Amino acid sequence: MIIRKITALVTFLLSIAFVLTACSGNNNAAFDPAKNISTVAREDGSGTKTAFMELIGLKGKPDPTNVIVQNGTAGVLAEVKSNPAAIAYDSLGYVTDEVKKLKVDGVEPTIENIKNGAYKISRPLSVVYKESTLDKAVNKAFFSFLQSRDAQKIISDNGYVSLVDNASVYRINGALSGDIDVSGSTSLQPLMIELATAFEKLQPNIKVNVSGGGSGTGYKNANEGVSAFGDISEEFSPDKAPGCTSYTVCKDGIAVIVNKNNPLDNITMEQLKNIYNADAGANASTKWSELQ
């Protein structure tokens with residue numbers, strides 16, 4: 001009787017273990033290079049998606065047929081973790097060790113390689129401004145805050161790459177009051193709102209108004225004095241705002257990720273383009289064996 005009870009208990013525990021394993025995601029499934037590539041993309045409207053497609057040369061292109069669309073980082077990571085045939089992309093700061101990051105053109109997606117420009121799937125997020133803009137005390141205070149230790153923490157916490165080493169703590173000036181207008185890039189806008197909110201808590205008598213409109217709007221409004229600062233999500237082009245200079249707030253690095261059982265370590269920009277290009281035609285990469 002005792003043996004039967006022990007056997008029954010062991011069987012019960014093993015069944016629970018089986019269910020838990022099944023529910024935890026099939027991260028141990030074997031990789032088969034003959035399988036079709038499961039192309040994973042972020043949802044339309046995602047700043048990460050817009051940046052990724054632009055950086056690999058597919059700005060404005062639709063998703064390829066049979067793409068798996070995931071809303072948010074959690075969905076992307078879960079899909080890649082459980083699907084041995086998946087490939088995806090997401091902001092470097094949010095990628096966990098449950099998936100594998102690929103080198104791109106032989107360069108690892110590290111913070112250092114993003115800082116020095118070696119890793120190509122990254123871009124600067126900057127503010128454009130006139131030098132005379134900083135003559136106004138409230139504008140100069142906000143500009144100082146963008147370079148402060150306080151701002152660098154917010155930048156890093158939001159998955160972006162901070163470029164300022166050994167930054168100083170922001171010094172509050174309680175005598176300041178007024179409004180600051182910031183407009184432009186919708187890619188930088190969410191982070192700029194976070195930074196503006198933190199600045200307003202330190203300087204409660206200053207209001208920072210952040211709006212979008214795109215990088216073109218950022219250049220135009222800063223050059224014409226409509227906004228104190230214009231947000232852009234590209235390398236600064238002096239021709240677009242002849243009276244302005246720029247400051248890089250941070251860099252946005254995007255990692256290309258695959259399942260941990262995928263033996264691939266490197267992918268080229270051309271291969272990425274052929275995977276994500278809906279109009280690649282005969283050049284389209286559809287199977288993993290084509291990338292080995």
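The values are calculated or read from the model by the stated rules, or taken from the named source; none is laboratory data. What you see is a predicted model, and the numbers here were worked out from it, not measured in a lab. Please note: Cβ atoms are built from the backbone with ideal geometry, for glycine as well, and neighbour counts cover all protein chains shown. Keep in mind that these areas ignore ligands, DNA and RNA; they rest on the heavy atoms of the full protein, side chains included. Shrake-Rupley method; radii C 1.70, N 1.55, O 1.52, S 1.80 Å.
What to note about this one:
- Which numbered condition S148 misses (of (1) farther than 29 Å from S237 by Cβ; (2) of a type in the set (S, T, N, Q); (3) surrounded by 15 or more Cβ atoms within 10 Å (Cβ to Cβ)): (1)
- Taking the criterion of being over 19 Å from L102 (Cα atoms), open to solvent by 30 Å² or more (accessible area, probe 1.4 Å) and in contact (Cβ under 8 Å) with a residue 40 or more places away in the chain, the residues of region 252-285 that qualify are A278, D279, A284.
- Condition broken by K101, with the remaining ones in (1) among the basic types (K, R); (2) at pLDDT below 95; (3) surrounded by fewer than 19 Cβ atoms within 10 Å (Cβ to Cβ); (4) closer than 28 Å to D157 by Cα satisfied: (2)
- Applying the condition of being of a type in the set (V, I, T) and part of a helix (DSSP H, G or I) to region 133-164 and asking which residue is farthest from R123 (Cα to Cα) yields V138.
- Selection within region 171-193 - of a type in the set (S, T, Y) and either over 13 Å from K207 (Cα atoms) or open to solvent by less than 30 Å² (accessible area, probe 1.4 Å) (or both): S183, S185, T186, S187
- Cβ pairs under 6 Å, 6+ apart, first in region 75-90 and touching a residue at least 60 places away in the same chain (Cβ under 8 Å), second open to solvent by 10 Å² or more (accessible area, probe 1.4 Å) and assigned to a helix (DSSP H, G or I): A86/E79; D90/T73
- Of all residues in region 91-130, exactly one satisfies the criterion of being closer than 22 Å to T50 by Cα, acidic (D, E) and without any contact (Cβ under 8 Å) to a residue 40 or more places away in the chain, namely E108.
- Among the residues of region 50-74, those identified as surrounded by 17 or more Cβ atoms within 10 Å (Cβ to Cβ), touching a residue at least 24 places away in the same chain (Cβ under 8 Å) and under 15 Å from the mean Cα position of the chain (by Cα) are T50, A51, F52, M53, L55, I56, Q70.
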